[in-house]
1. Can you list residue pairs whose Cβ atoms sit under 9 Å apart, with the first residue in the stretch 4-16 being surrounded by 11 or more Cβ atoms within 10 Å (Cβ to Cβ) and assigned to a helix (DSSP H, G or I) and the second being at pLDDT 75 or above and basic (Lys, Arg)? Count only pairs 6 or more apart in sequence or on different chains.
2. Go through the stretch 68-105 and give me each residue that's of a type in the set (Gly, Ala, Ser) and modelled with pLDDT of 80 or more.
3. Consider TRP53 against the criteria (1) surrounded by 11 or more Cβ atoms within 10 Å (Cβ to Cβ); (2) at pLDDT 80 or above: it satisfies all of them except one. Which criterion is unmet?
4. Where the second residue is surrounded by fewer than 19 Cβ atoms within 10 Å (Cβ to Cβ) and not in a helix (DSSP H, G or I) and the first is among the polar types (S, T, N, Q) and lies in the stretch 49-74, which pairs have Cβ atoms under 9 Å and are six or more apart or on separate chains?
5. Quick check on VAL65: is it within 29 Å of GLN7 (Cα to Cα), loosely packed, with under 13 Cβ neighbours inside 10 Å, among the β-branched types (Val, Ile, Thr) and at pLDDT 80 or above?
6. Restricting the search to the stretch 17-49, which residues are surrounded by 12 or more Cβ atoms within 10 Å (Cβ to Cβ) and over 21 Å from LEU112 (Cα atoms)?
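The values are calculated or read from the model by the stated rules, or taken from the named source; none is laboratory data. As the structure is a prediction and not an experimental result, all values here were calculated from the model. Note that we place each Cβ from the backbone using ideal geometry, even for glycine, and neighbour counts take in every protein chain shown.
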Amino acid sequence: MKQLISQVDRELMQDDLLIRVASGLCGGVVTLVGVLLLVGFAARGVDRFPGGWPLAMTIVILAFVFGVPLLLRSVTSRRTALGRFLVRHATLGALRQPDDFTLWIMLPAIALTVMLRRLGVSGEAETE
């Protein structure tokens, strides 16, 4: 069992593929929530929302502000100016806490990363 865990650990930490996959999943979920809220507010009207128009649009804007950079981090090279900015600021710091959201994002990200590794996909190696 220890040998299997160490093998999976080596596969996950070779490069930044796990961070890219987790960023893509987390950014996709948050952006999708923002899109669904925006469509829901447009279709049904914001008058049913208890906070009113300003609070509804603030929630939608925050979803896009947090989701889109995470999605961009999953596909942008670190060697570009945008990539360096996203590595510094679009972090997954919230995923360090052991809660349910972490499990719903990191467990699928780990499984997807291992499957991508088996298919020959690799991330960008860390060069300082």
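1. GLU11/ARG117; GLU11/ARG118; LEU12/ARG117
2. Correct list: SER74, SER77, ALA81, GLY83.
3. Checking TRP53 against (1) surrounded by 11 or more Cβ atoms within 10 Å (Cβ to Cβ); (2) at pLDDT 80 or above, the one that fails is (2).
4. THR58/GLY51
5. On the way: within 29 Å of GLN7 (Cα to Cα): no; loosely packed, with under 13 Cβ neighbours inside 10 Å: yes; among the β-branched types (Val, Ile, Thr): yes; at pLDDT 80 or above: yes.
No: the conditions fail for VAL65.
6. Selection gives VAL33, GLY34, VAL35, LEU36, LEU37, LEU38, GLY40, PHE41, VAL46, PHE49.
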